[in-house]
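Working notes for the structure below.
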Amino acid sequence: MTTDAAISRPPLARAGTIVLAGLGTGALTSVLQGYLNSPWLALVNSASPWLAIAFSAGALCRGHRAAAIAGLVTCVAEVAGYFLTAATRGFPAGPGFVIFWAACGLAGGPL
């Protein structure tokens, strides 16, 4: 269900919110992996939090195309937020990991 307040925001503000939500989700999951233990560690080691945010971003859009783009942007921003935060924390990833997860975001985000 969409809300009139979320839909009526200017496109640039919506885009900024989507990017920030993605970057924040990626960064948060990267940090929480260092602090959580089982069973909560499984939550930040799964795709569920990322997909929930991407789905929420899409749900706030008016049409299917806008929703797919919002999901795509959210997932790509999540990958960027995760790997930038991990590198900052001293856990840099090889390009293969980044390419793999970016491809997953490109495929899964619009869905």
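The values are calculated or read from the model by the stated rules, or taken from the named source; none is laboratory data. It should be emphasised that the depicted structure is a prediction, and the values quoted were computed from it without experimental measurement. Positions of Cβ are backbone-derived with ideal geometry, glycine not excepted, and every protein chain shown enters the neighbour counts. Areas reflect the complete protein model, heavy atoms only, side chains present, ligands, DNA and RNA absent. Shrake-Rupley method; radii C 1.70, N 1.55, O 1.52, S 1.80 Å.
Here are some notes:
- For the chain, the per residue solvent-accessible surface stands at 63 Å², with DNA, RNA and ligands left out and a 1.4 Å probe.
- Under the span-like rule (Cα at least 20 Å along the axis, Kyte-Doolittle mean at least -1.0), DSSP H helices of the chain: 11-32, 64-88
- Length-normalised contact order of the chain in % [C-alpha pairs under 8 Å, at least 6 apart]: 34 percent
- Computed log10 I(q)/I(0) for the chain at 0.13, 0.18, 0.23 Å⁻¹: -0.48, -0.85, -1.21, from the Debye equation with unit scatterers placed on every C-alpha and solvent omitted.
- Sparsely packed trypsin sites (Lys or Arg not before Pro) within region 7-74, loop by DSSP, other Cβ within 10 Å at most 15: Arg62
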